Amino acid sequence: MVVYQIYPRSFADSDGDGVGDVPGVCSHLDHLQWLGVDALWLGPINPSPMADGGYDVADYRGVDPVFGTVEDVERLAAAAKRRGIDLLLDVVPCHTSIEHPWFRDRPELYVWSPEDGPPNNWRGAFGGPAWSQDPHGRGWYLHSFYAEQPDLDWRNPEVARELAGVLAFWRAKGVAGFRLDALQQLLKDPELRDDPPATGPSLMAGHPEHEALEHRFSSDRPGVGQAVAALRAGAGDDAFLVGEIGLPADRHAPYLEHLDASFCFELFFAAWEAEALKDAITAGLAAGKASWVLSNHDFPRLADRIGRANVAAAALLLLALPGPVFLFQGDELALGNGPGRPPGALPAPPYDRAGRDAFRHPMPWTELGPHHDFTAGTPWLEVVNAPEGSAKRQRVVPGSPARFVRELIALRRRLAGPVEDLTADDGVLSFRRGEHLVAVNTAGVERRAPPGGDVLLATVNRSDSLLPAGGASISQAV
Ligand code: NOJ
């Protein structure tokens, strides 16, 4: 299964307001079908003050007018289905927006300090204390992320009931599954004990204040499986559920009991180095149900993170692994980071206080005009073209990143069987899948290719025995 991640604000604008929307997604489904993906994951589209790019939800059953309507989502689900593509929505069960009516009217759904002040040392993921004073004067509430995102209290069965209802609501609209946000944050220590100091680097490259603590009590507490089970019950057994769990894969088991997949962040954050990639893949495979991802809306784009010279090899590695694979919009174009919010703009909605706008620039669809057909208006964030050109150009230029990704997705359908003989030798990662051999040169200089048969697909021309720098290939195994 290959899932294409869409950042709704930056995919395609249908009404000229400069912001991508759901009808815009509908009008570009041909691109997804051309690539050959099986599903699309649409980032949050619910009504939101956008303090965190829509991960601050003010109504789980609505659609923000900037993105369209519930009927637009229904139309998208049906139109995608006709092209053999499932629609997955992003659901944010850990917290709501501070402007969700529940926060005002049903405070019992949230986590409160028993004291008149923060009861412990917990930090928010973006830095600063994880506790803030309630603007309605009811004390101090917990927020694992921004202060505008109060945490729901998953120890209150009403929360599970409400969120399960949300998933059922969207299933009835034709949605096939969900990407579940920040599941490690669902259950905290009921005694609110202090987090101890961190003893080593954490998996996610987060804010230094947050990473200074080991999140032993502020996240991932026993019983979390029950919370995830409630989400599964709401979604139905046939829904596809992938969890974003910000923990090492060997701690995903209680979540995975009720999910189809979880992101293996070991691979996401592995250095582009054969040994590190091998360890990351091993960790994901050991956990079972790993899904693979190297890029999303939260971190620098691949070209900026691992180097442009390695982007094609990364696509090959990703798409050669068994289990679900996630591609972030624009990865197929080898898009790089943009400059982020316009000069002079405040780090306030719609821009991100944590500085992630640079990874969220709109899609360049054509070479036309200053905005590459992303919008007929003024884009919320500048459209930056890929060095190899827009989507339209790349679809026709032989050897373009987009055509390479398409060929990989097609070849992937022929790869069968588990990862075997995983090795990292002299900077070359290699493994076998059934009758195929995958090799990735991370050394930065030419290396000997592991012995194999005919090369079926390669990032750059390789000879029978040599893999150039940045080279990767899929060949017949011998
Ligand atoms: C993970 C999302 O990907 C990120 O964008 C968001 O800020 C946090 N979860 C909080 O919801």
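Please give the FRET efficiency for Arg138 paired with Gln226, using the beta carbon to beta carbon distance and R0 = 25 Å, rounded to the nearest 0.05.
0.35
For the pair Thr282/Arg216, report the inter-label distance in nm, with labels modelled 7 Å from Cα in the Cβ direction.
Here the modelled spin labels are 2.7 nm apart.
Any chance you could run the full-extension gain for Arg82 through Asn156? It's 0.36 nm times the residue separation minus the Cα-Cα distance, nm to one decimal.
The span from Arg82 to Asn156 would gain 22.6 nm if fully extended.
Give, in whole angstrom and from largest to smallest, the semi-axes √(5λ) of the equivalent ellipsoid of the chain, with λ running over the eigenvalues of the Cα gyration tensor.
Equivalent ellipsoid of the chain: 36, 26, 21 Å, largest first.
What are the aspartates and glutamates whose alpha-carbon lies under 14 Å from the alpha-carbon of Lys173, with same-chain residues fewer than 8 places away excluded?
Glu71, Asp72, Glu74, Asp86
Helix 70-82 versus the longest principal axis of the chain: what angle, 0 to 90°, nearest 10, using Cα atoms?
Computed tilt is about 20 degrees.
Tell me, what is the percent relative contact order of segment 76-150, built from C-alpha pairs under 8 Å that lie six or more residues apart?
Normalised by residue count, the contact order of segment 76-150 is 28 percent.
Residue by residue through segment 83-93, which ³J(HN,Hα) values in whole Hz follow from phi under the Karplus form 6.51 cos²θ - 1.76 cosθ + 1.60 (θ = phi - 60°), with glycine and proline marked x?
With coefficients 6.51, -1.76 and 1.60, one gets 9, x, 10, 7, 9, 10, 9, 8, 10, 10, x Hz.
What is the sum of charges around Ala274, taking Lys and Arg as +1, Asp and Glu as -1, for the other residues whose C-beta is under 11 Å from the C-beta of Ala274?
Overall, the nearby charge balance is -3.
Bin all alpha-carbon pair distances of segment 104-146 at 10 Å intervals from 0 and give each bin's fraction as a whole percent.
For segment 104-146, the pair-distance distribution reads 31, 55, 14.
What angle do you read, to the nearest 10 degrees and between 0 and 90, between the alpha-carbon axis of helix 224-235 and the longest principal axis of the chain?
The answer is roughly 80 degrees.
Take the Cα of Ala469, step 7 Å along the line toward its Cβ, and report every residue of segment 297-326 whose backbone nitrogen sits under 14 Å from that point.
Under 14 Å, as judged by backbone N against the label point of Ala469, lie 307-311 of segment 297-326.
At Phe169 and Arg414, where each label point lies 7 Å from the Cα along Cα→Cβ, what is the point-to-point distance in nanometres?
4.7 nm
For Gly453, which sequence-distant residues (separation of 5 or more, or a different chain) have an amide H within less than 5 Å of its own amide H, given hydrogens modelled in the peptide plane?
Under 5 Å from the amide H of Gly453: Gln476, Ala477, Val478.
Debye sum, Cα scatterers, segment 1-78, no solvent: what log₁₀ I/I(0) at q = 0.13, 0.16, 0.23 1/Å?
For the requested q values the scattering log ratios are -0.37, -0.56, -1.10.
Using only the C-alpha atoms of segment 218-280, find the volume of their convex hull and express it per residue in Å³.
Output value, Cα hull per residue: 91 Å³.
Averaging over every viewing direction, what projected area does the convex hull of the Cα atoms of segment 123-238 cover, in nm²?
For segment 123-238, the mean projected area of the Cα convex hull comes to 8.6 nm².
Using just the Cα positions, wrap segment 420-476 in a convex hull and report its mean projected area in square nanometres, one decimal place.
Hull-based average projected area comes out at 3.2 nm².
If you fit an axis through the alpha-carbon atoms of helix 274-287 and take the longest principal axis of the Cα set of the chain, what angle between them do you get, 0 to 90°, nearest 10?
The angle comes out at about 50 degrees.
With the crude spin-label approximation of a point 7 Å out along Cα→Cβ, what separation in nm comes out for Val460 versus Thr423?
For Val460 paired with Thr423, the spin-label model returns 2.4 nm.
Within segment 402-428, whose backbone N sits under 16 Å from a point 7 Å along Cα→Cβ of Glu275?
Correct set: 423-428.
Which of the peptides 6-13, 426-433 is most tightly packed, and how do the rest follow, judged by the mean count of other Cβ atoms within 10 Å per residue?
So the peptides 6-13, 426-433, ranked by packing, come out 6-13, 426-433.
Restricting to bridges with both residues inside the chain, how much of the DSSP beta-bridge set is antiparallel, in percent to the nearest 5?
Just about 50 percent of them are antiparallel.
Read-outs throughout are calculated quantities, based only on the coordinates presented, and are distinct from any laboratory measurement. Predicted model, so just to flag it, every value in this text is computed and none were measured. For neighbour counting, all protein chains shown are included, and Cβ atoms are generated from backbone atoms with ideal geometry for every residue, glycine included.
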